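Visitor: Mind looking over this structure? Questions follow.
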Amino acid sequence: MTDVFQQLPEELELATSAHVKYIQSLNTRQDEYDYWLTEHLRLNGVYWGLTALHLLGVPEGLPRSETIDFVLSCQHEDGGFGAAPGHDAHMLSTVSAVQILAMVDAFDELETRGKGKALVGKYIANLQNRQTGTFAGDEWGEEDTRFLYGAFNALSLLGLMDLIDVDKAVDYVAACANFDGGYGVSPGAESHSGQIFTCVASLTIAKRQDLIDKERLGKWLSERQLANGGLNGRPEKKEDVCYSWWVLSSLEMIGKTHWIDRDRLINFILQCQDTEKGGISDRPGDMVDVWHTLFGITGLSLLDYPGLELVDEVYCLPKSTITRIFGP
């Protein structure tokens with residue numbers, strides 16, 4: 001594998017310094033229309049950018065104190081977090097808040113300056129449908145396995161899994177399994193790589209991988225690789241860099257990463273870079289964004305690309321963060 005990396009032409013090497021500068025520049029573009037159009041993703045964006053910086057080996061790339069201040073400014077009285085100050089609380093932004101605080105080792109700040117871990121846990125737990133086991137994203141009731149995974153992710157990081165009915169949630173995930181080995185957004189829904197990640201990761205956190213048909217799922221996931229090396233989310237769709245995370249992390253969890261062509265996927269991800277201005281796009285030649293930048297980098301980390309910190313395939317956080325919280 002090392003020989004393969006050494007043979008890469010210069011234009012297909014990871015442009016680390018450019019990516020760091022790109023991420024650092026994102027909050028300086030407040031005079032641009034797109035900055036305000038994406039305010040509903042602000043807290044998620046901080047998580048995407050900060051995680052990418054950690055994996056690139058620049059954990060101090062965003063100022064720690066200002067990052068913590070911003071996260072806490074998004075918290076509501078009920079413990080949940082909105083996407084930005086003044087936005088309604090939502091499961092997804094709450095999970096991002098917990099992940100950010102975990103990365104910068106600031107759970108103590110949540111206790112002393114925020115509303116505390118217990119109230120965050122209560123907010124998340126109150127979103128569980130106690131009859132079906134699944135979770136809503138907010139008070140308006142939309143349910144999705146993304147929210148179930150988010151609850152498992154955040155509550156396990158906070159040490160508060162006892163607040164929810166884990167067995168009911170596991171039963172719901174099992175009901176989302178399909179004949180092809182994959183999982184959908186709800187029982188009976190089409191298998192999709194993103195939803196497969198949420199379900200496989202949830203079962204992994206719950207220590208219930210015994211419910212996964214690993215052979216069948218591994219086959220479905222490995223078939224997501226196209227001739228150009230990229231991965232798609234479901235059959236007959238185009239390749240997209242973000243599936244370098246959703247597909248590969250699931251394969252890693254079930255021990256079948258070797259079922260895809262790693263070298264061709266590395267080549268595809270590197271072709272999606274803007275090597276001058278930084279950032280990674282969904283496919284070669286398109287506009288970059290921080291979402292695809294993170295998931296391109298996480299994909300390369302799972303592929304053991306040199307110079308990157310290791311990413312945890314379950315939590316999408318640096319392995320070092322997970323080791324600090326849960327132990328080796």
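The values are calculated or read from the model by the stated rules, or taken from the named source; none is laboratory data. Being a predicted model, the structure only gives us computed values, none of them experimental. Counting neighbours? That spans all protein chains shown, and the Cβs are built from the backbone with ideal geometry, glycine included. Only protein heavy atoms, including side chains, enter the accessible area calculation; ligands, DNA and RNA are left aside. Shrake-Rupley method; radii C 1.70, N 1.55, O 1.52, S 1.80 Å.
Visitor: Any residue in region 51-68 that's under 18 Å from VAL95 (Cα atoms) and at pLDDT below 95: show its pairings with residues that are open to solvent by 60 Å² or more (accessible area, probe 1.4 Å) and among the small types (Gly, Ala, Ser) at Cβ separation under 9 Å, as long as the two are six or more apart or on different chains.
Guide: Partner pairs satisfying both residue conditions: none exist.
Visitor: Is it true that THR94 is open to solvent by less than 50 Å² (accessible area, probe 1.4 Å), β-branched (Val, Ile, Thr) and out of contact with any Gly (no Cβ under 6 Å at 6 or more places or on another chain)?
Guide: no
Visitor: Tell me which residues, restricted to region 105-120, are assigned to a helix (DSSP H, G or I) and open to solvent by less than 50 Å² (accessible area, probe 1.4 Å).
Guide: PHE107, GLU109, LEU110, VAL120
Visitor: Can you name every residue in region 130-142 that is acidic (Asp, Glu) and open to solvent by 80 Å² or more (accessible area, probe 1.4 Å)?
Guide: GLU139, GLU142
Visitor: Next question. Here are some conditions: (1) over 13 Å from the mean Cα position of the chain (by Cα); (2) surrounded by 18 or more Cβ atoms within 10 Å (Cβ to Cβ); (3) closer than 27 Å to ALA18 by Cβ. GLY80 meets all but one. Which one does it not meet?
Guide: Unmet for GLY80, out of (1) over 13 Å from the mean Cα position of the chain (by Cα); (2) surrounded by 18 or more Cβ atoms within 10 Å (Cβ to Cβ); (3) closer than 27 Å to ALA18 by Cβ: (3).
Visitor: Related question: For ARG146, indicate whether it is modelled with pLDDT of 95 or more, under 20 Å from PHE81 (Cα atoms), in a helix (DSSP H, G or I) and open to solvent by 10 Å² or more (accessible area, probe 1.4 Å).
Guide: Against the criterion (modelled with pLDDT of 95 or more, under 20 Å from PHE81 (Cα atoms), in a helix (DSSP H, G or I) and open to solvent by 10 Å² or more (accessible area, probe 1.4 Å)), ARG146 qualifies.
Visitor: Considering only region 199-211, I want to know if a residue exists there that is assigned to a helix (DSSP H, G or I), over 30 Å from LYS21 (Cβ atoms), of a type outside the set (A, V, I, L, M, F, W, C) and without any contact (Cβ under 8 Å) to a residue 24 or more places away in the chain.
Guide: Taking every residue of region 199-211 in turn, at least one turns out to be assigned to a helix (DSSP H, G or I), over 30 Å from LYS21 (Cβ atoms), of a type outside the set (A, V, I, L, M, F, W, C) and without any contact (Cβ under 8 Å) to a residue 24 or more places away in the chain.
Visitor: Further, regarding this structure: Scan region 209-218 and give yes if some residue there is among the basic types (Lys, Arg) and open to solvent by less than 40 Å² (accessible area, probe 1.4 Å), otherwise no.
Guide: No, because not a single residue in region 209-218 is among the basic types (Lys, Arg) and open to solvent by less than 40 Å² (accessible area, probe 1.4 Å).
Visitor: Also: Among the helices (runs of 4 or more DSSP H) confined wholly to region 219-328, which include 3 or more residues that are under 27 Å from PHE152 (Cβ atoms) and within 19 Å of the chain's Cα centre (by Cα)?
Guide: Per the criteria, 243-253, 290-302, 319-326.
Visitor: Another question about this same structure. Could we say that SER191 is buried (at least 21 other Cβ atoms within 10 Å of the Cβ), among the small types (Gly, Ala, Ser) and not in a helix (DSSP H, G or I) here?
Guide: It is true that SER191 is buried (at least 21 other Cβ atoms within 10 Å of the Cβ), among the small types (Gly, Ala, Ser) and not in a helix (DSSP H, G or I).
Visitor: Let me ask something else about it. Starting from region 251-264, keep only residues that are on the phi > 0 side of the Ramachandran plot, then list their pairs with residues that are surrounded by 14 or more Cβ atoms within 10 Å (Cβ to Cβ) whose Cβ atoms are within a distance under 6 Å, requiring at least 6 positions of separation or different chains.
Guide: none
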